[in-house]
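Below is one structure, written out as structure tokens, with a few remarks after it.
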Amino acid sequence: MSRFFSKRLSTLTPYTPGEQPQDRQYIKLNTNESPFPPASGVEAAVAEASRRLPLYPDPDCTELTALLAKRYGVAPENVVPGNGSDEVLNFAFLAFCDEDTPAVFADITYGFYPVFARVNDLPYREIPLKADLSLDPADYAAAGGTIFIANPNAPTGLALTPAQIEQVLQKNPDTVVVVDEAYVDFGAESCVPLTARYDKLLVVQTFSKSRSLAGGRLGFGIGCEALIRDLHTIRYSTNPYNINRLTMAAGIATLQQDEYTADNCRTIMDNRQYTVEGLRQLGFEVTDSKTNFVFVKHPRLGGRDLYLGLKERGILVRHFDKPSIMEYNRITIGTRAQMEALLAAVRDILEE
Ligand SMILES: *Cc1c(COP(=O)(O)O)cnc(C)c1O
């Protein structure tokens, strides 16, 4: 830290992204990326857009926003785009939390939430998950702050129904509820339809997981017009050009190939089923994942030992040092061949 670094931020611990090793080829099952290439047409659209790189992109993201609105059955005024959904989430912390309105989220959830709170100097409160890692909506009654719920949750993979989210909305009439649906395309039900009835519901989604664009950085929020206007106020006060030309072109081309995304999601769900069965046969406890990852632990193999054993065998998974979940690993679902390699490596480690 330099002697110039803000005193306000001197104790800030940044978010730790999953490893992105540049040295050797791993089977990467640690950051929930898609194993499939972007939709056909993305490469050509990006190449075409690159010819106009001297010009700033459209700050209103008109075409992209119109396509998203059509896809989700809302109006363009209900959509705000972000440089990854992380940016939309950060906007939401800035827009809807303050000294009297802390952020409220689960103790085991997306690790970026406490970082967003701290970097913006906002108070936050964590609500423990149940012993079985589920989130009980009753624990969020009169939460007294802006609620952030990853649904399905990460890293547990467990999903709530929209009816359960609606319970949270009804028990918190005067605060915003943000539902982070980064993984919703892998078998959970979206809360986007609820945004028509609740003016305090913001749903956030991303192109990073189901749409093979993690490297493009594209996410979006959907909510009532007033909420979205607030987020645009933050967006135009920080970076009106947050969606660059290349990403915009990639996003538009991807939305034009929605069936490709749906096919890939079905494949991932099939491969998830295959992986869950394989791991259970090997004695693992596996949560009921509605995401493109599984969250697993083994009664006779430590979480860190499994992580290191797999890494030695060229497979990267995500291990968290947090005491409550350190016996677990989060394993991204990839291609069938990748999952076969994973199961073979796990078998090898267990036999050692
Ligand atoms: C991956 C992830 C995000 C962020 O994704 P972006 O790449 O920033 O769009 C947000 N929330 C959760 C729960 C995630 O796992």
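The values are calculated or read from the model by the stated rules, or taken from the named source; none is laboratory data. Just so you know, these numbers come straight off a predicted model, no measurement behind them. Virtual Cβ from ideal backbone geometry, glycine too; neighbours counted across all protein chains shown.
Within the set of pairs 6 or more residues apart or between chains, which connect a residue that is more than 21 Å from ILE333 (Cα to Cα) and at pLDDT below 95 inside region 134-159 to a residue that is buried (at least 24 other Cβ atoms within 10 Å of the Cβ) and not small (Gly, Ala, Ser) with Cβ atoms less than 6 Å apart?
none
Give the residues of region 182-199 that are out of contact with any helix residue (DSSP H, G or I) (no Cβ under 8 Å at 6 or more places or on another chain), assigned to a loop (DSSP other than H, G, I, E, B) and not aromatic (Phe, Trp, Tyr), sorted by residue number.
ALA188, ARG197
What residue, among those in region 214-245 that are hydrophobic (A, V, I, L, M, F, W, C), within 12 Å of the ligand (Cβ to nearest atom) and touching a helix residue (DSSP H, G or I) at 6+ places or on another chain (Cβ under 6 Å), is nearest to ALA188 (Cα to Cα)?
Ranking the candidates gives PHE220 first.
Would you check if there is a residue in region 189-203 being within 15 Å of the ligand (Cβ to nearest atom), of a type outside the set (A, V, I, L, M) and out of contact with any Pro (no Cβ under 8 Å at 6 or more places or on another chain)?
No; the residues of region 189-203 include none that is within 15 Å of the ligand (Cβ to nearest atom), of a type outside the set (A, V, I, L, M) and out of contact with any Pro (no Cβ under 8 Å at 6 or more places or on another chain).
What number of residues in region 58-70 are within 16 Å of the ligand (Cβ to nearest atom) and either surrounded by fewer than 19 Cβ atoms within 10 Å (Cβ to Cβ) or within 12 Å of PHE116 (Cβ to Cβ) (or both)?
Looking only at that region, the number is 0.
For region 87-105, enumerate the residues that are among the charged types (D, E, K, R) and more than 22 Å from ILE127 (Cβ to Cβ).
Listed by number, the list holds a single entry, GLU87.
LEU231 versus (1) of a type outside the set (Phe, Trp, Tyr); (2) surrounded by fewer than 20 Cβ atoms within 10 Å (Cβ to Cβ); (3) assigned to a helix (DSSP H, G or I): which is the lone unmet condition?
Exception for LEU231: condition (2).
Give region 71-93 a look and list any residue that's within 10 Å of the ligand (Cβ to nearest atom) and under 22 Å from ARG197 (Cα atoms), or say none.
Result: VAL88, LEU89.
Please go through (1) in a loop (DSSP other than H, G, I, E, B); (2) within 25 Å of ASN32 (Cβ to Cβ); (3) touching a helix residue (DSSP H, G or I) at 6+ places or on another chain (Cβ under 7 Å) for VAL178 and return the number of the only condition it doesn't satisfy.
Going through the list (1) in a loop (DSSP other than H, G, I, E, B); (2) within 25 Å of ASN32 (Cβ to Cβ); (3) touching a helix residue (DSSP H, G or I) at 6+ places or on another chain (Cβ under 7 Å), VAL178 breaks only (1).
To keep it simple, each residue is scored yes or no on (1) β-branched (Val, Ile, Thr); (2) surrounded by 13 or more Cβ atoms within 10 Å (Cβ to Cβ); (3) in a strand (DSSP E or B).
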{"position": "MET1", "(1), (2), (3)": "no, no, no"}
{"position": "GLN20", "(1), (2), (3)": "no, no, no"}
{"position": "LYS28", "(1), (2), (3)": "no, yes, yes"}
{"position": "ALA39", "(1), (2), (3)": "no, yes, no"}
{"position": "LEU53", "(1), (2), (3)": "no, no, no"}
{"position": "VAL80", "(1), (2), (3)": "yes, yes, yes"}
{"position": "LEU94", "(1), (2), (3)": "no, yes, no"}
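Out of all the residues in region 332-344, is one or more within 19 Å of TYR110 (Cα to Cα), crowded, with 20+ Cβ neighbours inside 10 Å and modelled with pLDDT of 95 or more?
Checked against the condition, which is being within 19 Å of TYR110 (Cα to Cα), crowded, with 20+ Cβ neighbours inside 10 Å and modelled with pLDDT of 95 or more, region 332-344 yields at least one hit.
List pairs: first in region 95-115 and within 29 Å of HIS319 (Cα to Cα), second within 16 Å of the ligand (Cβ to nearest atom) and among the acidic types (Asp, Glu), Cβ under 7 Å, 6+ apart or cross-chain?
Qualifying pairs under 7 Å: PHE105/GLU126; ALA106/GLU126; ASP107/GLU126; TYR110/ASP180; PHE112/ASP86.
I'd like the residue in region 200-227 that is part of a helix (DSSP H, G or I) and crowded, with 22+ Cβ neighbours inside 10 Å and, out of all such residues, is nearest to the chain's Cα centre (by Cα).
By that ranking, first place goes to GLY216.
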